[in-house]
1. What is the percent carbon and sulfur in the accessible area of the chain, measuring with a 1.4 Å probe over the protein chains and ignoring ligands?
2. Would you please give the FRET efficiency between residue 7 and residue 163, computed as 1/(1 + (r/R0)^6) with r the Cβ-Cβ distance and R0 = 22 Å, to the nearest 0.05?
3. Count the lysine pairs in the chain whose Cα atoms sit under 23 Å apart, keeping only pairs 8 or more residues apart in sequence or on different chains.
4. Need one number for the range 82-181: average projected area of the convex hull over its C-alpha atoms, nm².
5. Excluding ligands, DNA and RNA, what is the solvent-accessible area per residue of the chain at a probe of 1.4 Å, expressed in Å²?
6. So how far apart, in nm, are the two label points at residue 128 and residue 188 if each is 7 Å from Cα heading toward Cβ?
7. Using unit Cβ charges (K, R positive; D, E negative) and no other charged atoms, how large, in debye to the nearest 20, is the dipole of the chain about its Cα centre?
8. Taking the DSSP beta bridges in the chain as the whole, what percent of them are antiparallel, to the nearest 5?
Amino acid sequence: MEDDTIIVESPEEVGADIYRRVIIDVLSDLALGRVLLKVRAFVDVTEPVFIFLGLRKKGLASVKISDFADLEIGGYGKSEVLIFLNKEAYIPQLLKKLWERYGRGNISQEERTTIVVETPDYMTEVDLLGDMVIDEKVKEINDRIVDAMLRIIPEGFRVRYHQLTDEYILFVASEDPIKQEWKDRAVSMRDQMLHEVGLNA
C-alpha cells in the first residue's frame, strides 16, 4: 500500500504524523495493504475521538466446493453424496467443514480424491454441498481488520462504533460515549471516499 493513499487529519500536526506512521506499520504487519484501496483517519485527543475509514479492494471471493469438485448422489439404495475432487489443495478445510456439519462418523475418504458423505437428506444435501463455502477468505480478512483496529485505536478508547461491509470499514472510538456528530463526520468521510472512487454509499 502506497503511503500517499493514507491520509490522517488532526488539529495537531504531530499527532497526525504519528498516527499515520502507526497505521502504515500496522497495515503492513497484518498484510492488509493489498486489501485496502484508501485510508482516511481523523484523531482529536482533546475531544477525544478517533475515526478510521478504509475502502476495500474488490475481488476476494470465497471458494465453494463446486469450484473444485464434482458432486453426485450415491448408487441405488445408498443415502450418500459423493464428492470427486479436481484439486487437493482444499482437503483440510473441506474435511473440517464436513465434520462440523455431518459428524466425523458420516464422512469417509477411501481414496485421496473421493469423499463420501452419509446423510439421509442426500437429495437436497447434494445441492447445499455444492454451494458450501470452505475457504473463508473474507472472514479471515475481517478478523485481521478488527485486529488492526485494536492496534491502531488510541489506548483507552474503549467505546466503539463500527461498520464492516464488502466496500468499506468504518470505526469510531472514544473514551466517552460516541456522539452523533462523530458518527455524522465518519459517514460524511465515508461518502466522500466512495464518491472519489465512483461508488455510492
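1. Looking at the chain in its full context, I get 47 percent from C and S.
2. Result of the calculation: an efficiency of 0.70.
3. 23
4. Working: hull surface 40.0 nm².
Hull-based average projected area comes out at 10.0 nm².
5. Values: 11430 Å² over 201 residues.
Result: 57 Å² of accessible area for each residue.
6. According to this spin-label approximation, the distance is 4.9 nm.
7. In debye, rounded to 20, the chain gives about 120.
8. Working: 35 of 39 bridges.
Counting only bridges with both partners in the chain, antiparallel ones make up about 90 percent.
The values are calculated or read from the model by the stated rules, or taken from the named source; none is laboratory data. Computed from a predicted structure; not experimentally measured. Using ideal geometry, Cβ is built from the backbone for each residue, glycine included, and neighbour counts are taken over all protein chains shown. What goes into the accessible areas is simple: the full protein's heavy atoms, side chains included, and nothing from ligands, DNA or RNA. Shrake-Rupley method; radii C 1.70, N 1.55, O 1.52, S 1.80 Å.
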